[in-house]
Amino acid sequence: MNGVAILLVAFVALVIAYLVYGRWLARKWGIDPTIPTPAHNHRDNVDYVPSRRGVVFGHQFASIAGAGPINGPIIASGFGWLPVFLWIILGGVFIGAVHDFASLYASVKSQGRTIGYIIELYIGRTGKQLFLSFVWLFSILVIAAFADIVALTFNGLGEGGILFSANASVASTSIFFVIAAVGLGFFLNRRQALAGWNGTILAISLLVLCVLLGLLYPIYAGRETWLYAIFIYIFLASVTPIWILLQPRDYLNSFLLVFMILAAFIGIIIANPPMLLPAFTGFSVGGNYIFPFLFVAVACGAVSGFHSLVASGTTSKQINNEVDILPISFGGMLLECLLAVIALIAVGAVAVNGIPPNQSPPVVFANSLASFLTGIGLPHDTVFTLVTLAVSSFALTSLDSVARVGRIAFQEFFFSSRLNRSTPVLGNRYVATLLTLAVGFLLARRGYRDIWPLFGSANQLLAALALLACAVFLKKSRRNGRMLYIPMLVMLLVTLSALSLSFLAILDKITGGTFSFANDGLQFIFAILLFALGVVVAGVGLRKLRQPA
């Protein structure tokens, strides 16, 4: 098949899935537009802020997209394009989109509380504490992986004094983005609304201005310098009210993301690139078996537990009306699936002798899309810079959200529902953020390639636990949640298998004398803790699920 055929099949399948399956779920669970949402009931203009559907969709989509749906399919493409494509579509519709919808729905119906709180309410305090520990460890993995990806896309200094102007422009544009987002946040807070086309025109104008300034004034700095700068930034982003930075930045980035997807869609239609990857290469590639590696590697392109943290941690507190839940969650995940398919077509178009190029996934993606769009007269270098900017912006946006999610999980762990107060010091948001980011920084220095398999396993296991929590919530609230059972069990099987293999791989290093605590120690500890916490939480939750409503 060629690129156009693959893209059109995916697009039609995803649209049908939304119109049929998504709406069926909404009818089955019940959406009531007359019930005030948590954003109205608990409005504090810090976390609880009722917002327009477009603004909240921008926050949700920009936060969940990140680098995952681009990196994942490209990393997994060694197995051939067909298994990756099938997992993106089938996994995305029947597991990923359902997971996102259930997580946001359950949180909105629980007054904007997190999945951790839902577990405490319906499964028990012990289950909640274990789950929050898992979430905190997972957040650290996301911070480490995505921070390194962003630092690499910002890196303007190569060996031997080589300058990477595209990366330097991406870095400076991102800085201008942050400045523009803060200004937009204060403007919108004073106006109390983002009014229709006026808001759209303002956002697009700021977006274009930032890109032009970034191209004119590149900032050259190395990866290590950018790592420090990124961690300082996400510390500030995670402790400030969402209307100052998180929400307006996500809104700006959503336009960049949509523009990139539209440009890629048009570029593929015009270029009609060939699919140079074989349909299927075998059940084992490079020492990795298709089960479970394929499912873990694709990660966010099909299903992501991280989405449940964003949905219940920040998005549910901004929902203006319950009718917004379906398009923001289910629709947002399906759009991410489309982005994953575009990434698969991109790597397939530049494969050599049926083998993906040996470059970082963002570089492969940017080069491929640039070659598509040269067909309509756009210069390759400019498009490459803009696509790289988009990828780094998505990853940086995910960092904004996950740092806040990790901080909230840490605080919730030390919060007593019975006493209605937090433990002094450790319940403080600044202390919680600092401790979360400190461990993330240590891991980030190892590089995302070493972290990605563990991140993917933890991510999918988190999805299984979120599905379990939502299934218990639906049963206890006398709603039909049986459609979550098979997705939950599939993800438990996949992820526990993957974590077991990661654990065995590190044991092989220990017995073979190649183990280094500096290189492998933290990952070894994380693998053991994540596996143990996942098994215990799943066991407690499954027992609750078997009990009568």
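Tabulated data for the structure shown
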| quantity | calculated |
| --- | --- |
| Any hit, region 266-278, residues being of a type outside the set (A, V, I, L, M), assigned to a helix (DSSP H, G or I) and more than 18 Å from H99 (Cα to Cα) | yes |
| Qualifying positions in region 53-63 - among the aliphatic types (A, V, I, L, M), crowded, with 24+ Cβ neighbours inside 10 Å and modelled with pLDDT of 80 or more | V56 |
| Candidates F57, F79, filtered to the one that is of a type in the set (F, W, Y) and within 20 Å of the chain's Cα centre (by Cα) | F57 |
| Verdict on A366 being without any contact (Cβ under 8 Å) to a residue 40 or more places away in the chain, buried (at least 24 other Cβ atoms within 10 Å of the Cβ) and either under 18 Å from G91 (Cβ atoms) or among the hydrophobic types (A, V, I, L, M, F, W, C) (or both) | yes |
| Whichever residue in region 92-122 is surrounded by fewer than 23 Cβ atoms within 10 Å (Cβ to Cβ) and not hydrophobic (A, V, I, L, M, F, W, C) and, among such residues, is farthest from V537 (Cα to Cα) | Q111 |
| Members of region 536-549 that are under 17 Å from I486 (Cα atoms) and in contact (Cβ under 8 Å) with a residue 12 or more places away in the chain | A538, G541, L542, K544, L545 |
| Of all residues making up region 7-20, the number that are out of contact with any helix residue (DSSP H, G or I) (no Cβ under 6 Å at 6 or more places or on another chain) and buried (at least 18 other Cβ atoms within 10 Å of the Cβ) | 0 |
| Residue ID - surrounded by the most Cβ atoms within 10 Å (Cβ to Cβ), chosen from residues in region 21-39 that are under 22 Å from K317 (Cα atoms) and without any contact (Cβ under 8 Å) to a residue 60 or more places away in the chain | P36 |
| Within region 291-391, helices (runs of 4 or more DSSP H) holding 1 or more residues that are within 23 Å of Y21 (Cα to Cα), among the aromatic types (F, W, Y) and touching a helix residue (DSSP H, G or I) at 6+ places or on another chain (Cβ under 9 Å) | 306-313 |
| Enumeration of residues in region 64-108 that are of a type in the set (A, V, I, L, M), modelled with pLDDT under 95 and in a helix (DSSP H, G or I) | I64, A65, I70, I74, I75, A76 |
| Tally of residues being without any contact (Cβ under 8 Å) to a residue 40 or more places away in the chain and more than 25 Å from the chain's Cα centre (by Cα) across region 254-277 | 0 |
| Odd one out for G282 among (1) in contact with a Phe, Trp or Tyr (Cβ under 9 Å, 6 or more places away or on another chain); (2) surrounded by 18 or more Cβ atoms within 10 Å (Cβ to Cβ); (3) outside any helix (DSSP H, G or I) | (2) |
| Conditions (1) in contact (Cβ under 8 Å) with a residue 60 or more places away in the chain; (2) within 30 Å of V182 (Cβ to Cβ); (3) in a helix (DSSP H, G or I); number of the one not met by I242 | (3) |
| Long-range neighbours under 7 Å by Cβ, at least six apart or interchain, first residue within 17 Å of S107 (Cα to Cα) and in contact (Cβ under 8 Å) with a residue 12 or more places away in the chain within region 117-133, second of a type in the set (S, T, N, Q) and surrounded by fewer than 24 Cβ atoms within 10 Å (Cβ to Cβ) | Y117/S110; I118/S110; E120/S417 |
| In region 369-407, residue surrounded by the fewest Cβ atoms within 10 Å (Cβ to Cβ) [restricted to those that are small (G, A, S) and under 26 Å from I270 (Cβ atoms)] | G377 |
| Test: residue in region 424-438 that is in a loop (DSSP other than H, G, I, E, B), over 30 Å from I290 (Cβ atoms) and charged (D, E, K, R) | no |
| Considering residues of region 110-124 that are in contact with a Lys or Arg (Cβ under 9 Å, 6 or more places away or on another chain) and assigned to a helix (DSSP H, G or I) only, the residue farthest from K317 (Cα to Cα) | Y122 |
| Of residues in region 168-194 being at pLDDT below 75 and touching a Lys or Arg at 6+ places or on another chain (Cβ under 9 Å), the one surrounded by the most Cβ atoms within 10 Å (Cβ to Cβ) | L194 |
| Test: residue in region 19-42 that is under 28 Å from P292 (Cα atoms) and assigned to a helix (DSSP H, G or I) | yes |
| Looking only at region 219-253, and only at residues there that are of a type in the set (G, A, S) and surrounded by fewer than 24 Cβ atoms within 10 Å (Cβ to Cβ), the one that is modelled with the lowest pLDDT | A237 |
| Options I269, I230; residue that is under 25 Å from F441 (Cα atoms) and among the aliphatic types (A, V, I, L, M) | I230 |
| Members of region 144-158 that are under 26 Å from L386 (Cβ atoms) and of a type outside the set (S, T, N, Q) | A145, F146, A147, D148, I149, V150, A151, L152, F154, G156, L157, G158 |
| Check on G22, of a type in the set (G, A, S) and under 30 Å from A351 (Cβ atoms) | no |
| Residue that is nearest to the chain's Cα centre (by Cα) [pool: residues in region 343-363 that are of a type in the set (V, I, T) and surrounded by fewer than 24 Cβ atoms within 10 Å (Cβ to Cβ)] | V363 |
| Which listed residue is part of a helix (DSSP H, G or I), hydroxyl-bearing (S, T, Y) and touching a Leu at 6+ places or on another chain (Cβ under 8 Å), from T511, T495 | T495 |
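The values are calculated or read from the model by the stated rules, or taken from the named source; none is laboratory data. Values in this document were obtained by computation on a predicted structure and should not be read as measured data. Cβ sites come from the backbone with ideal geometry, for glycine too, and all protein chains shown count toward neighbours.
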